[in-house]
1. Take the Cβ-Cβ distance between residue 142 and residue 118 as r, set R0 to 22 Å, and report the resulting FRET efficiency rounded to the nearest 0.05.
2. Which lysines does residue 89 reach when only Cα atoms under 24 Å apart count, and residues fewer than 8 places away in its own chain are ignored?
3. Multiplying the sequence separation of residue 10 and residue 135 by 0.36 nm and subtracting their Cα-Cα distance, what value in nm do you get?
4. What is the Cα radius of gyration of the stretch 59-163 over 2.2 N^0.38 Å, N being its residue count?
5. Distance cut-off 21 Å, Cα to Cα: go down the list 72/157; 55/104; 83/157 and report the pairs above it.
6. Scan the chain and note any complete DSSP helix (H) whose C-alpha atoms cover at least 27 Å along its axis and whose Kyte-Doolittle average is 0.0 or more.
7. How much length is gained on full extension from residue 105 to residue 59, taking 0.36 nm per residue of separation minus their Cα-Cα distance?
8. What length, rounded to one decimal in nm, is gained on full extension from residue 21 through to residue 84, with 0.36 nm per residue of separation minus their alpha-carbon distance?
Amino acid sequence: MKRYIFFAAVFGLIWCFVHGTISFDNFVLGLVFAPFIIRPFKPLYHFENDFSFGKGIKRIPAQAKFFYVLIKEIIKANIVVAKIVLQPKIDIKPGIIAVPIRTKTDMSITAIANTITLTPGTLTIDMSDDRSVLYVHAIDASDPEGVANSIRDDLEKYVLEAFE
């Protein structure tokens, strides 16, 4: 229930920013809209689990660090893909790589899969039935272990800190 109230309050604030006027009336209107927005996503966020506001606030620095690393990795991958594309002779070996993951929650798995897809040159294709392996298409899979280790060490580490 605490989690539901937290998300409703967040949606109330978001409504104030969307409306353009931060006022008590707009916040209350956002609270009124929140149940209609939250209800379809209730199974995804597990509202029945306990939620600690202190724990959520303590994660904010880790989430900021994750977004910083995400932006940095996207920029690095853009440079690598640009170098590949601008070469006179493109010498790449595209392929699909199985990347074992340590994340367990739906939120973390979604975050790591979307992070991989957002990074140029990689695309998350599928996940194993036991949710322990992501299948990733890489533009250059000549070193599959290096790509898997890069994802695990550079991206998943921050996802674990930020979302689990």
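1. Values: r = 22 Å, r/R0 = 1.01.
After rounding to 0.05, the efficiency reads 0.50.
2. Excluding near neighbours in sequence, the set is 76.
3. Numbers: separation 125, 0.36 × 125 = 45.00 nm, distance 3.40 nm.
Length difference between fully extended and current span is 41.6 nm.
4. Working: Rg = 13.9 Å, N = 105, 2.2 N^0.38 = 12.9 Å.
That works out to 1.07 for the stretch 59-163.
5. Violating the 21 Å Cα-Cα cut-off are 83/157.
6. Values: long enough: 60-86 (39 Å, 1.30).
Sorted by number, the helices that extend far enough and score high enough are 60-86.
7. Details: separation 46, 0.36 × 46 = 16.56 nm, distance 1.54 nm.
Difference between extended and current length: 15.0 nm.
8. Details: separation 63, 0.36 × 63 = 22.68 nm, distance 4.72 nm.
Length gained between residue 21 and residue 84: 18.0 nm.
Computed from the coordinates by the stated procedures, all read-outs in this text should not be read as laboratory data. Model, not experiment: these values are computed from the prediction. Note that we place each Cβ from the backbone using ideal geometry, even for glycine, and neighbour counts take in every protein chain shown.
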